[in-house]
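Colleague: Attaching a single structure in structure tokens format; questions to follow.
What follows draws every value from the coordinates through simple rules; no lab data is involved. Keep in mind it's a predicted model, so treat the numbers as computed, not measured. For neighbour counting, all protein chains shown are included, and Cβ atoms are generated from backbone atoms with ideal geometry for every residue, glycine included.
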Amino acid sequence: MCDGFILPGGDTWYQLDEIVIDYAIKNDKPLLGICLGMQALSKVLSGEVSIAYDNTIKNNTFINHLEINKNYAHKVIIAKDSKLFSIIGKEKIMVNSRHSFHVPLLDNNYICAKSSDGLIEGVELKDKSFIIGIQWHPETIYDIDENSRNLFKSFLNHILKTSQKFH
């Protein structure tokens, strides 16, 4: 009954989050994972079968990824062959950051963005219309950040395309 899904940030994910991710992948429904939502998406993509098992690890790099009150905290490098790059149109962008844990490993086929310290900042499924996870919070800088607006516009456009197929 849903035309698309946003998995927001937070402190933990649940079995329901993994069910939603699995459903979106199997049915090619637009899904945008933000921060913890990206981590949950990455866990599902990793093939880990434990239910609601958080496989992230504590950040320990030269970039402070827990910059709660900053509009921009660090740079993210986006792969040129990614959907994320086609949406944003830039290889390097500045993002905000509010996470103290990160995804340690993932198949490189899913990774579409990293920070300069090597942490995974974006994941996507290239064979789906719009299943993208990002580690930053575009919703909090939407009004000042063109990249954030473009990301949400693309997500909403994919929802409209998908919903028109079925209605």
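Colleague: Charges at C-beta only: +1 for Lys and Arg, -1 for Asp and Glu. How large is the resulting dipole of region 5-166 about its Cα centre, in Debye rounded to 20? Don't skip to the answer; put the middle values down first.
Modeller: On the way: 18 positive and 19 negative charges, 92 e Å.
Its charge dipole is roughly 440 debye.
Colleague: Select from Thr56, Cys112, Thr12 the residue farthest towards the positive end of the dipole of region 5-166; place +1 on Cβ of Lys and Arg, -1 on Cβ of Asp and Glu, and compute about the Cα centre.
Modeller: Checking the options against the dipole of region 5-166, the answer is Cys112.
Colleague: Further, regarding this structure: Hey, can you grab everything whose amide H is under 5 Å from the amide H of Gly33? Only 5+ residues off in sequence or another chain; H modelled, so Pro and N-termini drop out.
Modeller: Leu7, Ile132, Gly133, Ile134
Colleague: While we're on this one: May I ask which residue of Val103, Leu31, Phe152 lies farthest towards the positive end of the charge dipole of the chain, with charges of +1 (Lys, Arg) and -1 (Asp, Glu) on Cβ and the Cα centre as origin?
Modeller: Phe152
Colleague: Among DSSP bridges having both ends in the chain, what percentage is antiparallel? Round to the nearest 5. Write down the numbers at each step before the final one.
Modeller: Numbers: 17 of 24 bridges.
Around 70 percent of the beta bridges assigned by DSSP in the chain are antiparallel ones.
Colleague: In whole Hz and in residue order, list the ³J(HN,Hα) couplings for region 135-141 that follow from phi through the Karplus curve 6.51 cos²θ - 1.76 cosθ + 1.60, θ = phi - 60°; x for Gly and Pro.
Modeller: Computed from phi, the couplings for region 135-141 are 7, 9, 10, x, 5, 8, 10 Hz.
Colleague: Moving on to the next point. For the chain, set up a GNM with springs between Cα atoms under 10 Å and report which of Val123, Val103, Val49 has the largest fluctuation.
Modeller: Per the Cα network of the chain with a 10 Å cutoff, Val49 tops the list.
Colleague: Kindly provide the helix-only [θ] at 222 nm of the chain, computed as the sum of -39,500 (n - 2.57) over DSSP H runs of four or more divided by all residues, to the nearest 500 deg cm²/dmol?
Modeller: Numbers: 4 runs with 51 residues, N = 167.
It comes out at -9500 deg cm²/dmol, rounded to the nearest 500.
Colleague: Put +1 on the Cβ of each Lys and Arg and -1 on the Cβ of each Asp and Glu in the chain; which of Gly89, Thr140, Ile78 then has its Cα farthest toward the positive end of the dipole?
Modeller: Result: Gly89.
Colleague: While we're looking at this one, here's another question. Post the alpha-carbon centroid distance, region 33-111 to region 1-31, in whole angstrom.
Modeller: 16 Å
Colleague: Let me ask something additional. Ranking request for peptides 31-44, 147-160: highest mean number of other beta-carbon atoms within 10 Å first, then the rest in descending order.
Modeller: Values: 31-44: 25.6, 147-160: 17.0.
With the highest mean Cβ count within 10 Å placed first, the list reads 31-44, 147-160.
Colleague: May I pose another question? In vacuum, with every alpha carbon of the chain counted as one equal point scatterer, what does the Debye formula give for log10 I(q)/I(0) at q = 0.12, 0.19, 0.20 Å⁻¹? Two decimals, please.
Modeller: Values, matching the q order: -0.48, -1.27, -1.41.
Colleague: While we're on this one: Work out the P(r) tail for region 61-155: percent of alpha carbon pairs separated by more than 17 Å, whole number. Please report the intermediate quantities before stating the final value.
Modeller: Details: 2039 of 4465 pairs.
The calculated P(r) of region 61-155 puts 46 percent of pairs beyond 17 Å.
Colleague: Which of the residue pairs Lys43/Lys75; Lys90/Lys153; Lys26/Lys75; Lys58/Lys161 have a Cα-Cα distance greater than 28 Å in the structure shown?
Modeller: Details: Lys43/Lys75 24 Å; Lys90/Lys153 16 Å; Lys26/Lys75 32 Å; Lys58/Lys161 38 Å.
Those over the limit are Lys26/Lys75; Lys58/Lys161.
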